[in-house]
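Structure first, commentary second.
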Amino acid sequence: MMKLENIEAREDNRNVYPTAVLTVARNLETGSRTTMAFSGIRYNTGVGADLFTERYLRRPPRDVMR
């Protein structure tokens, strides 16, 4: 099962991104499943490339995680 929503870019409403907001992963051997729901998705938020260093990926700054 998957639910898709069209989410507009923050600064430019002309860009719309189809985004999975609900997905289900199933283990075919055991029959168990994991449901993943995503909310508050935003695009083009101005996050700089410097945040994708090993240091920041391990411990992201608080202002980015809000």
Rounded to one decimal in nm, the spacing of the 7 Å Cα→Cβ label points at PHE52 and VAL24 is 3.3
Over the chain, the sum of -39500 (n - 2.57) across DSSP H runs of at least four, divided by residue number and rounded to 500 deg cm²/dmol, gives at 222 nm -1500 deg cm²/dmol
Per the Kirkwood formula over distinct C-alpha pairs, the hydrodynamic radius of the chain in angstrom is 14.6
Residue separation between ARG59 and ARG33 times 0.36 nm, minus their alpha-carbon distance, gives in nm 6.4 nm
Connecting every pair of Cα atoms under 10 Å apart in the chain and solving the GNM, the largest mean-square fluctuation among THR19, THR34, THR45 falls on THR34
Listed by chain and number, the residues whose amide H is under 5 Å from that of ILE7, excluding neighbours fewer than 5 places away on the same chain and using placed H, are TYR17, THR19
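Read-outs throughout are calculated quantities, based only on the coordinates presented, and are distinct from any laboratory measurement. Because the structure is predicted, anything quoted here is derived from the model rather than measured. All Cβ positions, even for glycine, are placed from backbone atoms using ideal geometry, and neighbour counts span all protein chains on display.
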